[in-house]
Amino acid sequence: MRLKRSLLVGVLLHEVNTHFAASFLQGVQEAIDDTDYSPLVFFAKSEAAQLRCLARCHQRQVDGLLVNCV
């Protein structure tokens, strides 16, 4: 039986060049390393850009979403 899963985890962050972002993404990778999941990573500062990224996650039917936006 095939499960209807995308095997994607959406990750939406505000800043790309921060120590937090690097550490956070490393932690995500470590958490899903032994699974079939892959991260789908977005960086967006403006609210409009964040909404576009969320729409893309919805279109791709991600199985999970991690968000850190200001």
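The values are calculated or read from the model by the stated rules, or taken from the named source; none is laboratory data. Because the structure is a prediction, the values reported are computed rather than measured. The protein model used for the area step is the full one, side chains on, heavy atoms only, and it has no ligands, DNA or RNA in it. Shrake-Rupley method; radii C 1.70, N 1.55, O 1.52, S 1.80 Å.
Report, to the nearest whole %, how much of the accessible area of the chain belongs to carbon and sulfur atoms, 1.4 Å probe, protein only.
On the way: 2720 of 5220 Å².
In the chain, the share of accessible area belonging to carbon and sulfur is 52 percent.
Might you tell me the accessible area per residue for the chain, computed with a 1.4 Å probe and given in Å²?
Details: 5220 Å² over 70 residues.
I get 75 Å² per residue for this part.
Given the chain reduced to its alpha-carbon atoms as identical point scatterers, what log10 I(q)/I(0) does the Debye formula return at q = 0.18, 0.21 Å⁻¹?
Values, matching the q order: -0.68, -0.88.
Let me have the relative contact order for the chain, percent, based on Cα pairs under 8 Å that are six or more residues apart.
Details: 86 pairs, mean separation 38.6, N = 70.
The normalised contact order for the chain reaches 55 percent.
By how many degrees, 0 to 90 and rounded to 10, does the Cα axis of helix 19-32 deviate from the longest principal axis of the chain?
For 19-32 against the chain, the angle is about 0 degrees.
Only Cα pairs within less than 10 Å get springs; with that Gaussian network setup on the chain, which residue of Q59, Q29, Q50 has the largest fluctuation?
Looking only at Q59, Q29, Q50, the biggest GNM fluctuation is shown by Q59.
By how many nm would the segment from L7 to I32 grow when fully extended, if each residue of separation counts as 0.36 nm and the alpha-carbon distance is taken off?
On the way: separation 25, 0.36 × 25 = 9.00 nm, distance 1.03 nm.
Gain in length upon complete extension: 8.0 nm.
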